[in-house]
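What follows is calculated from the coordinates using simple rules that are stated; it is not laboratory data. Values in this document were obtained by computation on a predicted structure and should not be read as measured data. All Cβ positions, even for glycine, are placed from backbone atoms using ideal geometry, and neighbour counts span all protein chains on display.
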Amino acid sequence: MNDSSCDILIVGGGTGGCAAAMSACSMGLRVVLTEETDWIGGQLTAQAVPPDEHRWIERFGCTARYRKYRESVRAFYKSYKPLTDGAKQITNLNPGGGWVSQLCHEPHVSVSVLEDMLQPFLEDGSLTVHLHTTAVSARMVGDRVATVTIRSRDSGREATIAAKFVLDATELGDLLPMTGTEYVVGAEPKSETGEPNAVDGAAQPDNVQGITWVFAMAHEEGADHVIDKPDQYEVWRSYRPEFWPGSFLGFTDINPQTGQPRHLPIFGGTPQSWYKGDFGLFSYRQIVDPQKFLPGTVPHPVTIVNWPQNDYFIGSIIDVDPGVSKQRLHDAKQLSLSLLYWLQTEAPRPDGGLGYPGLYMRPDITGTPDGFAKAPYIRESRRIRARFTVCEQDLAAYTNPGRDRGVEYADSVGIGSYRIDLHPSTSGIAYIDTATLPFQIPLRSLIPIRVKNLLPACKNLGVTHITNGCYRLHPVEWNIGESAGLLAAYCIQQGLEFDEFLESPEIIKQFQGLLIAQGIEIAWPANENLSV
């Protein structure tokens, strides 16, 4: 790596970072994209999480580029995988058959699709990508980011990059403390946001959703793949959070909506029984379905283990000593490994026996030596203090009776839909789960209160601890990144400052015209009933 300059530097090659690179490059600007792992795509790939999407996704409710990505995943399977003739004829093919998404698939497919989508910009020289690279420092000149220094995780070499605009697309909002950008971590108090589900009293910076170090797991009936007993197995075997109905390693957890215990066996059940209980964990995020492949080509089903039992919420990894963060990441892996060992050896079976020894890790699925994802699944990051912060009352169904969509913003730059879905937090608070109305992404939520050339392009926009729970999902993060990339490009090409944007409804309308021309939906269809 060498010192360089560009129009737009995007730090973080995850879901939002890739979308930002595509949109910024489409405007003819020079872009540098960095990524910590050797896989671009973030939660779609390196974190190995199938896309969580809304019920209208096959018809509307995402950007044109995200739709192209989805179509390309299906086309990849139909072109390069040994599907049965019947599977090839399915228009809306769900390769893995899981039901968390209508597009459950292997993460390497997303890597290939995203690389193909970025390839034209690599070929014309508008895009440079640095993998296995992290940002280590930034230099400010007044209220502007002048340069960011990045470091190769392979060679240790550093390079300093000067850019007109910088997008923070990291999973934890890493650039915010480096640049002195004002930000929030954890839960805001009710006195600040007025949200019904916000915490009472003072702010709680340590109140952050738990992370999960997911892994790919297959099942071979009748086989014995039992691993060595993990170092921390006894710790996690005896662990029982105060709000949990029993041992954490077990098939009984909490219904997020009612707070009551529910039973979650590994096999069986249906998607309709998700909130009632008695559904199969394995099928939930299944990404390989042997029935869709030619006989003998895919012997065993594969799922992604991102379950209640391996959510790690003992402590936060944000703004803590690096040694503490490293230990907690290690412990999160140990929790997941302990869950696998428990499933193999002690999980109760319907026939009265114990364990499913045929379960085993699939390193080839995750592109790692051990079968774990390349990076932990991050649900919540630092968030900019923005010109506008989206709050629960803007979009919760129960605070907007009679409406079929959330508050509509004149400066919308995109849309999304997902429940407010908060997993147990590092402060010991259990689930917060409530229905929302389809919502919009306001432009003001992308603009910091002070810094003039930095934009969020991941989960680090102006939302609260509560509303992060519905802005953190794949298609919404993609939309955030894509709109941020276009906003940076538009500001550069038009010579505009953020304040000029915010003070001129006409400029906002012109920018929205660009978004629409690029295939970004900024409003939900007026003729659709979107009632939850």
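Things to note:
- Compared with the alpha-carbon gap, the fully stretched path from Glu182 to His300 is longer by 37.6 nm at 0.36 nm per residue.
- Span per principal axis, largest first, for the Cα atoms of the range 373-413 (Å): 44, 24, 16
- Solvent-free Debye scattering, log10 I(q)/I(0), computed from the Cα coordinates of the chain at q = 0.05, 0.07, 0.09, 0.13 Å⁻¹: -0.19, -0.37, -0.63, -1.37
- Subset of Lys81/Lys459; Lys459/Lys509; Lys78/Lys374 violating a 28 Å alpha-carbon distance limit: Lys81/Lys459
- Of all DSSP beta bridges confined to the chain, the antiparallel ones make up roughly 70%.
- Protection proxy ranking of 362-375, 431-444 - average other beta-carbon atoms within 10 Å, highest first: 431-444, 362-375
- For the chain, the residue among Ser101, Ala397, Leu83 whose Cα projects farthest onto the positive side of the dipole built from Cβ charges is Leu83.
- 0 to 90° range, to nearest 10: angle between helix 15-26 axis and the chain longest Cα axis: 40 degrees
- Fully extending the segment from Ala526 to Glu221 would add 104.8 nm, taking 0.36 nm per residue of separation and subtracting the current Cα-Cα distance.
- About the centre of its Cα atoms, the range 403-515 shows a dipole size close to 260 debye [charges on the beta carbon of Lys, Arg (+1) and Asp, Glu (-1) only; nearest 20 debye].
- Spin-label pair Arg349-Ser191: with each label point 7 Å from Cα along the Cα-Cβ axis, the two points sit 5.8 nm from one another.
- When you filter the chymotrypsin sites (Phe, Trp or Tyr not before Pro) in the range 33-95 for DSSP loop state and at most 16 other Cβ atoms inside 10 Å of their Cβ, you are left with Trp56, Phe60.
- Coupling constants for the range 323-339 follow from the phi torsions by the Karplus curve (6.51 cos²θ - 1.76 cosθ + 1.60, θ = phi - 60°), and in residue order they are x, 5, 4, 4, 5, 5, 5, 4, 5, 4, 5, 5, 4, 5, 5, 5, 4 Hz; glycine and proline get x.
- Length gained on full extension, Ala146 to Gln89, computed as 0.36 nm times the residue gap minus the Cα-Cα distance: 15.3 nm.
- Descending Cα extents along the principal axes, the range 211-366, whole Å: 51, 36, 27
- Here the Karplus curve 6.51 cos²θ - 1.76 cosθ + 1.60, taken at θ = phi - 60°, turns the phi angles of the range 181-194 into couplings of 5, 4, 8, 10, 10, x, 9, 6, x, 4, 5, 8, 9, x Hz, with x standing for Gly and Pro.
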